[in-house]
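First comes the structure, then the notes that go with it.
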Amino acid sequence: MSAQSEEEPAAIPSDQPVELQLTDIAHGGKAVARQEGRVVFVPFGIPGETAEVEIYRSRRRYAEGEIRRMLSPSPDRVQPECPYFYTCGGCQLQHIAYSRQLELKRKVVADLLARVGGFREVPVYATLGSPRHYGYRNSARFLGGRRGDLGYTDWRSNSFLRVDTCPIMEPPISLELQRVQGLGTPGESLRVRYSEATGETLVWPPINGSVPDGQPVMHYDLLGDSFQVSAESFFQVNISQAETLIRLSLERLRPMAGKTVLDAYCGVGAFTRFVALEAARTIGIEESPSAVADARVNLAGLGVRLIEGRTEDQLATLGPDIDLVLLDPPRTGCAPPALDALLALAPEKIVYVSCDPATLARDLKTLCSAGAYKLVDVQPVDMFPQTYHIEAVATLHAR
């Protein structure tokens, strides 16, 4: 008989619920249980609960199931604020009290650092919570359905789900969604942005000229400074927590006086601007043309050398006089050539701002395995309450 493949069904029955104890949480927000030697991932569960779970997907090494009856609910279970929560794929944790969300996120970061990176003794501090648990996002990307409706996707089927409000968005975004509802383009996405500082609203791309859309450039305030952000440029969605990330990064980079500081993946220059106020020389690298155009405006008069291109390509062109490096890559983390170039540059410190703890752990392992760097600490930051996403700031010192 041939060995059972990952795609073959296993022994756990799929036609009747099984009683499971939920013992952990996985990166992605699903609770974790074990049954007959396999891991079972259970959406909308909380570690410590006991529930009857119906298995809907069964593989040799793992299974996935839905809670059919809660036998022993957690004291941290709360009522979600969103009417679409148990269907929409945008949030995963609204059923968990916010203080417990923060604890679980810290645990996910620590577990991934240990399992993926081999870092078991490094301090991972308590997650810094967001002042707003709902109504914090200044940007949304809605999908267009077949009838022009706007919404998100069903978490299980990945089919279109119309929504008319989204509680994690700043309220003006939900109002704007209701104004343009039904005017979407099937199969295409529509971005809605709002700036609390200026009252500006942006709908992009414009909807067939049928409604007045905002200007293609927004302005946001960070730590008292104004930043231009074009429609196609990335910008942090939670302003107060973006300011937290900037403060943490500056603290860990200091002292910067007399130093040359590189800000890789610098975007529109949100971090770069504050680095340039303290450093002797500042260099920024960014791939997105729209973000580079914004950065030229946001960094005007600060003497920053701004390089347009992929970080993995441009790092190798820099001289050996880089003292400090700030990394803020996309969710995929740093490409291997970028890490190789960083090791060759050998800066005194690297401060790594990550939006994915799995790729963070992977990249930190590469930077530290050669013995050139020591991971000092990791500070999780909750940029995205009610979701499984976690930001973290990691500090590395040259040995």
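For every other residue with a beta carbon closer than 10 angstrom to the beta carbon of D221, add +1 if it is Lys or Arg and -1 if Asp or Glu, then tell me the sum. Provide the component values of the computation, followed by the final result.
Numbers: positive: none; negative: E196, D225, E243.
Counting the neighbours of D221, the net charge comes to -3.
Using the charge dipole of segment 265-375 (Lys, Arg: +1 at Cβ; Asp, Glu: -1 at Cβ; taken about the Cα centre), state which of V351, I283, P336 has its Cα farthest towards the positive end.
V351
If the cut-off is 23 Å between C-alpha atoms, which lysines fall inside it for K349, apart from same-chain ones fewer than 8 positions away?
Within reach: K259, K365, K374.
Over the chain, what is the percentage of antiparallel beta bridges among all DSSP beta bridges, to the nearest 5?
70
Can you put T153, T359 in order, fewest other beta carbons within 10 Å first? Mind showing how you got there, number by number?
Details: T153 15, T359 18.
Fewest to most other Cβ atoms nearby, the residues stand as T153, T359.
If each residue's Cβ is checked for other Cβ atoms within 10 Å, how do S230, S159, S354 rank with the fewest at the top? Could you put the intermediate results ahead of the total?
Values: S230 21, S159 8, S354 27.
The most exposed by this proxy come first: S159, S230, S354.
Translational diffusion coefficient, Stokes-Einstein: compute it for segment 13-60 using the Kirkwood radius over C-alpha pairs as Rh, at 20 °C and 1.002 mPa s, and state it as an integer in µm² s⁻¹. Intermediate results must be reported in sequence, preceding the final value.
On the way: Rh = 10.7 Å.
This corresponds to a translational diffusion coefficient of 200 µm²/s.
Using just the helices of the chain, give the 222 nm mean residue ellipticity in deg cm²/dmol: DSSP H runs with n ≥ 4 each add -39,500 (n - 2.57), and the total is spread over all residues, rounded to 500. Could you put the intermediate results ahead of the total?
Numbers: 8 runs with 87 residues, N = 399.
Result for the chain: -6500 deg cm²/dmol, rounded to the nearest 500.
In angstroms, what radius of gyration and Dmax does segment 139-230 have, counting Cα atoms only?
13.8, 43
Enter the mean projected area of the convex hull around the alpha-carbon atoms of segment 255-399, in nm², rounded to one decimal. Don't skip to the end; give the middle numbers.
On the way: hull surface 33.7 nm².
The Cα convex hull of segment 255-399, projected and averaged over all directions, gives 8.4 nm².
If the elastic network links every pair of Cα atoms under 10 Å, which of I307, I96, I285 fluctuates the most in the Gaussian network model of the chain?
Of I307, I96, I285, the most mobile in the Gaussian network model is I307.
Each residue of segment 376-381 in turn: what ³J(HN,Hα) in whole Hz from Karplus with 6.51, -1.76, 1.60 and θ = phi - 60°, glycine and Pro shown as x?
Going residue by residue, I get 7, 6, 9, 10, x, 9 Hz, with x marking Gly and Pro.
For V39 and E121, calculate 0.36 nm times their separation in residues minus their Cα-Cα distance, and state this gained length in nm to one decimal. Before the final figure, lay out each step's value.
Values: separation 82, 0.36 × 82 = 29.52 nm, distance 2.61 nm.
So the extension gain works out to 26.9 nm.
Mind giving me the nanometre distance, one decimal, between the label points for R147 and R132, set 7 Å out from Cα along Cα→Cβ?
Between R147 and R132, the simple spin-label model gives 3.1 nm.
Taking the Cα centre of the chain as the origin, how large is its charge dipole in debye, to the nearest 20, when only Lys and Arg (+1) and Asp and Glu (-1) carry charge on their Cβ atoms? Walk me through the numbers on the way to the answer.
Working: 41 positive and 49 negative charges, 104 e Å.
It comes to approximately 500 debye.
Give the lysines reachable from K105 as a straight Cα distance under 17 Å; neighbours fewer than 8 places away on the same chain don't count.
Of all the lysines, those that pass the test against K105 - Cα under 17 Å, at least 8 places apart if same chain - are K30.
Where the only charges are on Cβ atoms (+1 Lys, Arg; -1 Asp, Glu), what is the dipole of segment 139-230 about its Cα centre, to the nearest 20 debye?
Numbers: 8 positive and 11 negative charges, 99 e Å.
Here segment 139-230 has a charge dipole of around 480 debye.
What order do you get for K365, K105 when you list them from fewest to most C-beta neighbours inside 10 Å?
Numbers: K365 16, K105 29.
Least to most surrounded, the residues fall as K365, K105.
Under the rule of at least 5 residues apart or a separate chain, name every residue whose amide H is placed under 5 Å from the amide H of T127.
R106
Under the rule of at least 5 residues apart or a separate chain, name every residue whose amide H is placed under 5 Å from the amide H of R57.
Correct list: E64.
Mind grabbing the base-10 log of I(q)/I(0) for the chain at q = 0.15 Å⁻¹? Debye formula, identical points on the C-alpha positions, no solvent, two decimal places.
-1.39
May I ask you to evaluate 6.51 cos²θ - 1.76 cosθ + 1.60, the Karplus curve with θ = phi - 60°, for each residue of segment 66-72 and list the ³J(HN,Hα) values in order in whole Hz, giving x for glycine and proline?
Computed from phi, the couplings for segment 66-72 are 10, 6, 9, 8, 8, 8, 9 Hz.
None of the figures in this text is laboratory data; all of them are computed from the coordinates on show. All of these numbers come straight from a predicted model, not from anything done at the bench. Don't worry about glycine lacking a Cβ; one is built from the backbone with ideal geometry, like all the others, and counts go over all protein chains shown.
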